[in-house]
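The block underneath contains the structure these notes are about, expressed in structure tokens.
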Amino acid sequence: MKFAVTSRGDSNSNTLMQKIRTYLMDFGLTYDEDQPDIVVTVGGDGTLLYAFHRYRSRLDKTAFVGIHTGHLGFYADWVPEEIEKLVIAIAKTPYQVVEYPLLEVYIRYINGGRESRYLALNECTVKSVEGSLVMDLEIKGQLFETFRGDGLCISTPSGSTAYNKALGGAILHPSIEAIQVAEMASINNRVFRTVGSPLILPNHHTIVMKPVNDVDFHITIDHLTLLHKDVKSIQCRVAPEKVRFARFRPFPFWKRVRDSFISD
Ligand code: NAP
Ligand code: MN
């Protein structure tokens, strides 16, 4: 089996990364940064997000497992004290894999048929560069509302505990194949109206955001922020691809939620 280890880059995480690499090679596993079957991340959820995007082209062949060194550890749910146990589990057992849904984003541009496709593990956010964001929202091809406000956040179930949660969105169990649309400070008065509640869209229901005046936006895909100019539309739906996590012990989602947000 081939493996890779990535680190947040601080000295603690780097030391741990070296240790894991040595241990796994001692067990006869092959270190392969380019084509790993399993990727061990050391740091926090941010480190796992980076690894996800790095191995984005081989999601069907790579499974992820995360160790957290002091950070939150929602995806990264192993602690440094457990690395011997984890290494033995990786080396010895055929491991279980759980799959979580992802968000697919298509950005299409004015002038020509140019489009870009992205996959998000947490979410995509859209904000205007200047002033309020004004967007027509279409769901399944029908105009739903004209949104005015700070921005919109479209998240995956496993990303629902990240930015989406700060916006008052619901926490969605990752066994539910859906995406969630949450508003950022919508303008609501006699003149302007939005639904106000977060929306949860099932598989195959597509949401398309179309600019009403401005065509330049700050669009984030997980930790990545990009300025997109001349945007014609942004389309989101549940992706056909999934992310795969290697599971070596039961650690139910609701327990992770409790440990992260209430008390461990
Ligand atoms: P960051 O600024 O370090 O991330 C913010 C926090 O979100 C960190 O504590 C991070 O955990 C945690 N986190 C990431 N994914 C999570 C998840 N699925 N569930 C629960 N918590 C999660 O930046 P980053 O580490 O590169 O992460 C990027 C993410 O930050 C974005 O995808 C977005 O969700 C989030 N974010 C949140 C807000 C907000 O809540 N107002 C604003 C901007 C961005 P670690 O410390 O373990 O990395
Ligand atoms: Mn982080």
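The values are calculated or read from the model by the stated rules, or taken from the named source; none is laboratory data. If you're wondering where the values come from, they're calculated on a predicted model, not measured in any experiment. Ideal geometry is used to build each Cβ from the backbone, glycine not excepted, and the neighbour counts take in all protein chains shown.
Structure notes:
- Only listed residue being in contact (Cβ under 8 Å) with a residue 12 or more places away in the chain and in a strand (DSSP E or B), chosen from ALA4, ALA51: ALA4
- Scanning the stretch 35-60 for residues that are away from ligand 2 (no atom under 16 Å from the Cβ), under 17 Å from TYR100 (Cβ atoms), crowded, with 19+ Cβ neighbours inside 10 Å and of a type outside the set (Val, Ile, Thr) gives TYR55, LEU59.
- In the stretch 111-135, the residues that are in a loop (DSSP other than H, G, I, E, B) form Cβ pairs under 6 Å with partners that are more than 13 Å from ligand 1 (Cβ to nearest atom), at six or more places apart or across chains, as follows: VAL129/ASP216; SER132/ARG148.
- Reported count of residues in the stretch 183-204, each being closer than 17 Å to ALA120 by Cβ and touching a Lys or Arg at 6+ places or on another chain (Cβ under 9 Å), is 3.
- Of everything in the stretch 7-24 that is of a type in the set (Gly, Ala, Ser) and in a helix (DSSP H, G or I), the residue that is farthest from the chain's Cα centre (by Cα) is SER11.
- Test: residue in the stretch 22-30 that is of a type in the set (D, E, K, R) and surrounded by fewer than 14 Cβ atoms within 10 Å (Cβ to Cβ): yes
- Matching residues, the stretch 100-116, being surrounded by 15 or more Cβ atoms within 10 Å (Cβ to Cβ) and more than 14 Å from GLN235 (Cβ to Cβ): TYR100, PRO101, LEU102
- Residue within the stretch 180-202 that is acidic (Asp, Glu), in contact (Cβ under 8 Å) with a residue 12 or more places away in the chain and either surrounded by fewer than 16 Cβ atoms within 10 Å (Cβ to Cβ) or closer than 27 Å to TYR75 by Cα (or both) present: yes
- Checking each residue in the stretch 25-47 for being free of Cβ contacts under 8 Å to residues at least 40 places away in the same chain and part of a helix (DSSP H, G or I) picks out MET25, ASP26.
- Only a single item in (1) buried (at least 20 other Cβ atoms within 10 Å of the Cβ); (2) away from ligand 2 (no atom under 16 Å from the Cβ) is not met by ALA120, and it is number (2).
- Residues being assigned to a strand (DSSP E or B) and either in the same structural domain as CYS236 (by TED's automatic domain parsing) or surrounded by 12 or more Cβ atoms within 10 Å (Cβ to Cβ) (or both) are represented in the stretch 78-88 by at least one member.
- Candidate set: the stretch 61-70, residues that are touching a residue at least 40 places away in the same chain (Cβ under 8 Å) and under 21 Å from ASN14 (Cβ atoms); chosen: the one farthest from ligand 2 (Cβ to nearest atom): VAL65
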